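What follows is a short report on a single structure.
The values are calculated or read from the model by the stated rules, or taken from the named source; none is laboratory data. These numbers were taken from a predicted model, which means no experiment stands behind them. All Cβ positions, even for glycine, are placed from backbone atoms using ideal geometry, and neighbour counts span all protein chains on display.
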């Protein structure tokens, strides 16, 4: 069954790859966006090379998407992303900017470029955020901030475009089994190596607790295809939701996020094995 064309960013691994494969098997013409040239399995179409960290690459990539879609583009899945981690006082401003460039501004630019076609076809936009867009944890402030931005933008965009026939959905996964864990851990190690001895001493206990929590989350992470199933629902349901929480941990953290501030801090310290003062 032919469903039209969909552009999926970050399709090389993880949620993006699982989504591309699932949608292609369901009859979509999947146009995958990859940071580096690569070949994906049939029936996925040839990839478009796009680096969200390089604003100059986005316009030409979107032109390729429109050309390959041939007027049949009906959906965009904004999925690409990465994680910057470390104590706020030690993270360089350039790293903060890179985090937002990929996790937020890149998706914004893609959607703006492809929106005329989506409006013409009464299409859909699916933004892959994170429970980190509701629940901000220590040492991943840039990541959480970028996902908070994604959530705010998704809410506004959904309300703006609904009267014009374009539905916008936000996917908020918890821990998903993807290569992002290994990449994130390696990047975190690099960042921690840059800390001064004073900073290392100051945050040692907190970082140890955070590592313990991350290891536990990775151990219980759910398969990427579970998230791909939710994305497929957001693209195909007659009455799709505006937001989708994915995973038991995401639901738990969403509940914690609405607690009063002191209760939030107390529960978060317990969940993330964070010490009290002193």
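The table that follows gives values for the structure above.
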read-out	value
Residue that is modelled with the lowest pLDDT [pool: residues in the range 14-37 that are in a loop (DSSP other than H, G, I, E, B) and crowded, with 17+ Cβ neighbours inside 10 Å]	35
Complete set of residues in the range 1-13 that are over 15 Å from residue 128 (Cα atoms) and either part of a strand (DSSP E or B) or in contact with a helix residue (DSSP H, G or I) (Cβ under 6 Å, 6 or more places away or on another chain) (or both)	5
Candidates 47, 5, filtered to the one that is over 18 Å from the mean Cα position of the chain (by Cα), surrounded by 17 or more Cβ atoms within 10 Å (Cβ to Cβ) and modelled with pLDDT under 95	47
The listed residue being buried (at least 17 other Cβ atoms within 10 Å of the Cβ), out of contact with any strand residue (DSSP E or B) (no Cβ under 7 Å at 6 or more places or on another chain), modelled with pLDDT under 90 and assigned to a helix (DSSP H, G or I), out of 210, 228	210
Residue among 276, 262 that is farther than 30 Å from residue 29 by Cβ and part of a helix (DSSP H, G or I)	262
Conditions (1) touching a strand residue (DSSP E or B) at 6+ places or on another chain (Cβ under 8 Å); (2) over 28 Å from residue 211 (Cβ atoms); (3) modelled with pLDDT of 95 or more: number failed by residue 109	(1)
Selection count where residues are outside any helix (DSSP H, G or I), out of contact with any strand residue (DSSP E or B) (no Cβ under 6 Å at 6 or more places or on another chain) and surrounded by 13 or more Cβ atoms within 10 Å (Cβ to Cβ), scope the range 243-259	1
Some residue of the range 38-48 being more than 30 Å from residue 206 (Cβ to Cβ), touching a strand residue (DSSP E or B) at 6+ places or on another chain (Cβ under 8 Å), assigned to a helix (DSSP H, G or I) and in contact (Cβ under 8 Å) with a residue 12 or more places away in the chain	no
Single condition residue 82 does not satisfy, out of (1) under 15 Å from residue 10 (Cα atoms); (2) modelled with pLDDT of 95 or more; (3) not in a strand (DSSP E or B)	(2)
Residue match in the range 107-117 (condition: within 12 Å of the chain's Cα centre (by Cα) and surrounded by 22 or more Cβ atoms within 10 Å (Cβ to Cβ))	yes
Test: residue in the range 111-124 that is within 13 Å of residue 150 (Cβ to Cβ) and assigned to a loop (DSSP other than H, G, I, E, B)	no
Test: residue in the range 118-128 that is buried (at least 24 other Cβ atoms within 10 Å of the Cβ), free of Cβ contacts under 8 Å to residues at least 40 places away in the same chain and touching a helix residue (DSSP H, G or I) at 6+ places or on another chain (Cβ under 9 Å)	no
Test: residue 188 is modelled with pLDDT under 95, surrounded by 12 or more Cβ atoms within 10 Å (Cβ to Cβ) and touching a strand residue (DSSP E or B) at 6+ places or on another chain (Cβ under 6 Å)	no
Members of the range 222-241 that are under 17 Å from residue 129 (Cβ atoms) and free of Cβ contacts under 8 Å to residues at least 60 places away in the same chain	222, 226, 230, 233
Residue match in the range 147-164 (condition: under 22 Å from residue 269 (Cα atoms), at pLDDT 95 or above and not in a loop (DSSP other than H, G, I, E, B))	yes
Output for the range 67-83, where each listed residue is in contact (Cβ under 8 Å) with a residue 60 or more places away in the chain and more than 13 Å from the chain's Cα centre (by Cα)	68, 69, 70, 72, 73, 74, 75, 76
